[in-house]
Amino acid sequence: MTSPARSSRPDATPVTVSERRDEALPIHFFTIVLNGEPFIRYHERVLAELPFDWHWHVVEGVAALKHDTAWSVASGGKVLDSVHDQGRSNDGTSAYLDDLAARFPDRVTIHRKPPGEFWDGKRAMVNAPLPHIATPGLLWQIDADELWTAEQIRTVHALFQANPKRTAAYYWCDYFVGPERIIATRHNYAQNPQQEWLRTWRFEPGMSWAAHEPPVLVDAAGRDLARIDPFTQDEMEEAGVVFQHFAYVTEAQAAFKESYYGYKDARAHWRRLQEAAGPVLLRD
């Protein structure tokens, strides 16, 4: 937890409200998830190591293929009955989240639709926590399969504290396409500097998500925070912050994306990739 805010500096110069707020700078993490095993349990250990105030909002359930994700319908995307239980996870994630919230009622909030009901797209899911966030701070997207270290989070927190005009942050990631396969080049698939990976924003109550793919957080005037004064991927890499994205580590992940997004034969191609010898082109 953070220590009480100081009312003045050692030289007796008054501290402004905005400066006092930045001294605390809580982090509001959020995750949207359906069937987050085996990765979802990792984040609890990391967040427990953080020395400042934080809260984790987890939004669980099926996102209907609408709005930002409606594009997948044209390519055959659909929600299979086999991937959910009345609109929620069926792999043990739901039980874990219930236990997590019971153990950390002041730190973790779970957002769900009633049983049998889907979310109205992913934008509705990411907007769900915002009315419950009453304090300014950092808003940080952590997907279930995106792994950060406590040291990285502390570094980013310090950078935003030291640079109060910076409004968002982009990152590079180690993008896994198999248990032992990783994309080794940049400015290509999963490494597009124009939109990937935008994960942290300087948040004020009243802001909202205008889009989720890619994420667009706007203020009351409709300004996209990521277009004002963001940290770049290279700046974050220089500070030692490159997260790990286990996007296609398991065959189950490939199978889900094949059905949900309509990625034709994704699972078969994933298997071929695992069997390929030496460095290969992902497009092949």
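The values are calculated or read from the model by the stated rules, or taken from the named source; none is laboratory data. Given the structure is predicted, the values throughout are model-derived calculations rather than measurements. Cβ placement follows ideal geometry from the backbone for every residue including glycine, while neighbour counts extend to all protein chains displayed. Protein only, heavy atoms only, side chains kept; ligands, DNA and RNA dropped before computing areas. Shrake-Rupley method; radii C 1.70, N 1.55, O 1.52, S 1.80 Å.
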Query raised in the report: Taking segment 175-185 as the region of interest, how many residues are within 17 Å of H269 (Cα to Cα) and assigned to a loop (DSSP other than H, G, I, E, B)?
Result: 3
Report task. Return the pairs, sorted by first residue and then second, in which the second residue is aromatic (F, W, Y) and surrounded by 15 or more Cβ atoms within 10 Å (Cβ to Cβ), the first residue lies in segment 103-116 and is touching a residue at least 12 places away in the same chain (Cβ under 8 Å) and more than 23 Å from F52 (Cα to Cα), the beta carbons are less than 6 Å apart, and the residues are 6+ apart or on different chains. Result -> K113/W119
Query - Test set (1) under 20 Å from the mean Cα position of the chain (by Cα); (2) in a loop (DSSP other than H, G, I, E, B); (3) not basic (K, R) - V79 fails condition number - result: (1)
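One line per residue, one yes/no per condition, for (1) crowded, with 16+ Cβ neighbours inside 10 Å; (2) outside any loop (DSSP other than H, G, I, E, B); (3) touching a strand residue (DSSP E or B) at 6+ places or on another chain (Cβ under 6 Å):
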| position | (1), (2), (3) |
| --- | --- |
| A158 | no, yes, no |
| H187 | no, no, no |
| Q194 | no, no, no |
| A210 | no, yes, yes |
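Looking only at residues in segment 196-208 that are outside any loop (DSSP other than H, G, I, E, B) and free of Cβ contacts under 8 Å to residues at least 60 places away in the same chain, which one is farthest from W56 (Cα to Cα)? Before you say what the answer is, go through the steps one by one.
Start the filter on segment 196-208 by keeping residues that are outside any loop (DSSP other than H, G, I, E, B), which leaves 198-203, 208.
In the following step, the residues that additionally are free of Cβ contacts under 8 Å to residues at least 60 places away in the same chain were identified as 198-199.
On the way: L198: 18, R199: 14 Å.
Within segment 196-208, the match that is farthest from W56 (Cα to Cα) is L198.
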Requested in this report: Determine whether A221 is outside any loop (DSSP other than H, G, I, E, B), at pLDDT 95 or above and either surrounded by fewer than 20 Cβ atoms within 10 Å (Cβ to Cβ) or among the aromatic types (F, W, Y) (or both).
Outcome: no
Requested in this report: For Y248, work out the one condition from (1) within 19 Å of R123 (Cβ to Cβ); (2) assigned to a loop (DSSP other than H, G, I, E, B); (3) modelled with pLDDT of 95 or more it doesn't fulfil.
Outcome: (1)
Report task. Under 6 Å between Cβ atoms, at least 6 apart or on separate chains: pull out the pairs that start in segment 117-142 with a residue that is under 14 Å from G61 (Cα atoms) and end on any residue that is surrounded by 21 or more Cβ atoms within 10 Å (Cβ to Cβ) and small (G, A, S). Result -> W119/G61; W119/A63; G121/A63; K122/A63; M125/A63
Requested in this report: Read through the list (1) open to solvent by 60 Å² or more (accessible area, probe 1.4 Å); (2) in contact (Cβ under 8 Å) with a residue 40 or more places away in the chain; (3) touching a Phe, Trp or Tyr at 6+ places or on another chain (Cβ under 8 Å), then give the number of the only condition that I182 fails.
Outcome: (2)
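What number of residues within segment 265-282 are under 26 Å from the mean Cα position of the chain (by Cα) and open to solvent by 30 Å² or more (accessible area, probe 1.4 Å)? Full working, then the answer.
Our first condition is that a residue be under 26 Å from the mean Cα position of the chain (by Cα); within segment 265-282, this holds for 266-267, 270, 282.
Add one more test, that the residue is open to solvent by 30 Å² or more (accessible area, probe 1.4 Å), and what stays is 267, 270, 282.
Of the residues in segment 265-282, 3 are under 26 Å from the mean Cα position of the chain (by Cα) and open to solvent by 30 Å² or more (accessible area, probe 1.4 Å).
Being out of contact with any helix residue (DSSP H, G or I) (no Cβ under 7 Å at 6 or more places or on another chain), of a type in the set (K, R), open to solvent by less than 30 Å² (accessible area, probe 1.4 Å) and modelled with pLDDT of 95 or more: is that true of R199 here?
Values: out of contact with any helix residue (DSSP H, G or I) (no Cβ under 7 Å at 6 or more places or on another chain): yes; of a type in the set (K, R): yes; open to solvent by less than 30 Å² (accessible area, probe 1.4 Å): yes; modelled with pLDDT of 95 or more: yes.
Judged against the criteria, R199 is a match.
Got at least one residue in segment 136-156 being part of a loop (DSSP other than H, G, I, E, B), on the phi > 0 side of the Ramachandran plot, under 18 Å from the mean Cα position of the chain (by Cα) and not hydroxyl-bearing (S, T, Y)?
Going through segment 136-156, the residues part of a loop (DSSP other than H, G, I, E, B) turn out to be 136, 142-145, 148-149.
Keeping just the survivors that are on the phi > 0 side of the Ramachandran plot gives none.
Within segment 136-156, none of the residues are part of a loop (DSSP other than H, G, I, E, B), on the phi > 0 side of the Ramachandran plot, under 18 Å from the mean Cα position of the chain (by Cα) and not hydroxyl-bearing (S, T, Y).
Of all the residues that make up segment 224-233, how many are touching a residue at least 60 places away in the same chain (Cβ under 8 Å) and outside any loop (DSSP other than H, G, I, E, B)?
Step one: filter segment 224-233 for residues touching a residue at least 60 places away in the same chain (Cβ under 8 Å), giving 228-233.
When the remaining residues are screened for being outside any loop (DSSP other than H, G, I, E, B), the result is 230-231, 233.
The total comes to 3.
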